[in-house]
Amino acid sequence: MSGPSTYEPKSAFTRWLDTRLPILRLANDTMTTFPTPRNLNFWYGFGAVLTFMLGIQIVTGIVLAMHYVPNASMAFDSVENIMRDVNYGWLLRYMHANGASFFFIAVYIHIFRNLYYGSYKAPREVLWILGVIIYVLMIVTAFMGYVLPWGQMSFWAATVITNLFSSFDQLSQLVNPHWKVGTTIAYWIWGDFGVSNTTLNRFFSLHYLLPFVIAAVVGLHIWALHVPGNNNPLGIEVKSPQDTVPFHPYYTVKDSWILSMFVIVYALIVFYWPDALGNPDNYTPANPLVTPPDIVPDWYLLPFYAMLRSIPQKLIGVLVLFGALITLVFVPWLDTSPVRSARFRPLYKIFFWIFLADAVLLGYLGSQPVDGTFFGTGVSDVWLARFATLYYYGFFWILMPVLGLIETPKPLPATIATAVLGNKAAAE
């Protein structure tokens, strides 16, 4: 979609550099003159937000790592030292902790926008799969970061989540009764026979490394985006030069405005409500002898936690949990509709909004006590989570394939320019 390069060096230095390292040509072709559909809306600006938040997490994480001590007897105190004695340590810590939450807010908006406008469909399957890989890496990185403060919730969340791997013993013992593959994996993760100082060291090392892995996959993600070009709210391909505008200044300005609004909300949380998204139990040092009444992960993992908790059999619950993530990889092939955008798919649009509500419901149920009822109605939260989990799987594995076969979509516009400018202006 990008076409031949239009970059022309203006000085002797840029001509010399262009023949040896054409980095300015790359920047021009991918960030300045890159032809972009002229009808991208507000929801298409969160890719830039995600890139910014990744940068914030890496920079603040590097500085925090200079003062953090990955030792079980000192980790909690080192975090308190960062908060009290390091210059602006409180700011760096709150930016990093809340930055993780805002990173996930942006990625969830990005994912649901893709599902609504069909941005996962051919020829963008690899782009979508790379996005799913980034999301999984974010989950792993965030979980390991959650453990590092070594508070009560950190320790017990690590204990509960890593113990899930032991459930795979049941699968391995179907092959050989003496095999305990799941327990072996858990021991390897712990580096010991339980969550300990060794585990903390491993998690710290991986938590420091993985953001750079995410940055590398983001580079591939952007590369994969620039091959077919952006999808758009209409879900139709670019057919003429009138359908596009240069990325700069049109979308650099628009993305900057969206990013500014996002950062304002982020700053309000950091400065005025920094503990709103955290867990109060994490302000108590880890104690292996005292179990918190409710062990929960951070809010952005609660939908998957609700799925896991709703299944009484441990192995099946773990398979459902991992299956929910693996399902996302197959979305480009599960959707059988030739039309991308939900704007022209009346039935899919209804089920999509139900799916969005279902995801929010799962998040709420994951935050509630396991024996609770839904707002005191007498309806068990566990049973409600089971039905919500069924809809999650049903949306992808049943509704997407079937709707593509039975749904009658609305007529699509001829071109992007026609839809934006009208027939007469587009012709002119």
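The values are calculated or read from the model by the stated rules, or taken from the named source; none is laboratory data. Note that the structure is predicted; figures quoted are calculated from it, not measured. Cβ placement follows ideal geometry from the backbone for every residue including glycine, while neighbour counts extend to all protein chains displayed.
Can you name every residue in the range 210-266 that is farther than 20 Å from residue 31 by Cα, within 19 Å of the chain's Cα centre (by Cα) and buried (at least 17 other Cβ atoms within 10 Å of the Cβ)?
The answer is 210, 211, 214, 262, 266.
Which ones in the range 165-209 are in contact with an Asp or Glu (Cβ under 6 Å, 6 or more places away or on another chain) and among the basic types (Lys, Arg)?
Residue satisfying the conditions is 180 alone.
Among the residues of the range 278-288, count how many are over 15 Å from residue 73 (Cβ atoms), touching a helix residue (DSSP H, G or I) at 6+ places or on another chain (Cβ under 7 Å) and surrounded by fewer than 17 Cβ atoms within 10 Å (Cβ to Cβ).
Our first condition is that a residue be over 15 Å from residue 73 (Cβ atoms); within the range 278-288, this holds for 278-284.
Going one step further and asking which of them are touching a helix residue (DSSP H, G or I) at 6+ places or on another chain (Cβ under 7 Å), we end up with 278-279, 281-282, 284.
Still in the running and surrounded by fewer than 17 Cβ atoms within 10 Å (Cβ to Cβ): 284.
Qualifying residue count, the range 278-288: 1.
Would you confirm whether any residue within the range 286-293 is farther than 16 Å from residue 381 by Cβ and part of a helix (DSSP H, G or I)?
We begin by selecting, within the range 286-293, every residue farther than 16 Å from residue 381 by Cβ; these are 286-292.
Next cut, part of a helix (DSSP H, G or I) only: none.
Checked the range 286-293: no residue is farther than 16 Å from residue 381 by Cβ and part of a helix (DSSP H, G or I).
Test of understanding: among 63, 79, 49, which residue is in contact (Cβ under 8 Å) with a residue 60 or more places away in the chain, in a helix (DSSP H, G or I), of a type in the set (Val, Ile, Thr) and in contact with a Leu (Cβ under 7 Å, 6 or more places away or on another chain)?
Details: 63 fails: in contact (Cβ under 8 Å) with a residue 60 or more places away in the chain; 79 fails: in contact with a Leu (Cβ under 7 Å, 6 or more places away or on another chain).
The match here is 49.
Give the residue that is surrounded by the most Cβ atoms within 10 Å (Cβ to Cβ), with candidates limited to residues of the range 292-335 that are under 23 Å from residue 124 (Cβ atoms) and β-branched (Val, Ile, Thr).
By that ranking, first place goes to 331.
Is it fair to say residue 218 is outside any helix (DSSP H, G or I), closer than 28 Å to residue 320 by Cα and of a type in the set (A, V, I, L, M, F, W, C)? Explain how you work it out, then say what you get.
Numbers: outside any helix (DSSP H, G or I): no; closer than 28 Å to residue 320 by Cα: yes; of a type in the set (A, V, I, L, M, F, W, C): yes.
The answer is no for residue 218.
For the range 404-422, name all the residues that are surrounded by fewer than 15 Cβ atoms within 10 Å (Cβ to Cβ) and aliphatic (A, V, I, L, M).
405, 406, 414
Collect the residues in the range 1-40 that are surrounded by 17 or more Cβ atoms within 10 Å (Cβ to Cβ), assigned to a loop (DSSP other than H, G, I, E, B) and among the basic types (Lys, Arg), keeping them in residue-number order.
The answer is 38, and nothing else.
Which one of these is more than 25 Å from residue 88 (Cβ to Cβ), part of a helix (DSSP H, G or I), β-branched (Val, Ile, Thr) and modelled with pLDDT of 95 or more: 258, 269? Outline the logic, then answer.
Values: 269 fails: more than 25 Å from residue 88 (Cβ to Cβ).
It is 258.
Any idea which of (1) among the hydrophobic types (A, V, I, L, M, F, W, C); (2) in contact (Cβ under 8 Å) with a residue 40 or more places away in the chain; (3) in a helix (DSSP H, G or I) is the one residue 245 doesn't satisfy?
Answer for residue 245: the failing condition is (3).
Quick one: in the range 384-403, which of the residues that are out of contact with any helix residue (DSSP H, G or I) (no Cβ under 8 Å at 6 or more places or on another chain) and of a type outside the set (A, V, I, L, M) is surrounded by the most Cβ atoms within 10 Å (Cβ to Cβ)? It would help to see each step written out before you state the result.
So in the range 384-403, the residues out of contact with any helix residue (DSSP H, G or I) (no Cβ under 8 Å at 6 or more places or on another chain) come out as 387, 390, 394, 398, 402.
Checking the rest, the ones that are also of a type outside the set (A, V, I, L, M) come to 387, 394.
Working: 387: 14, 394: 16.
Among them, the one singled out is 394.
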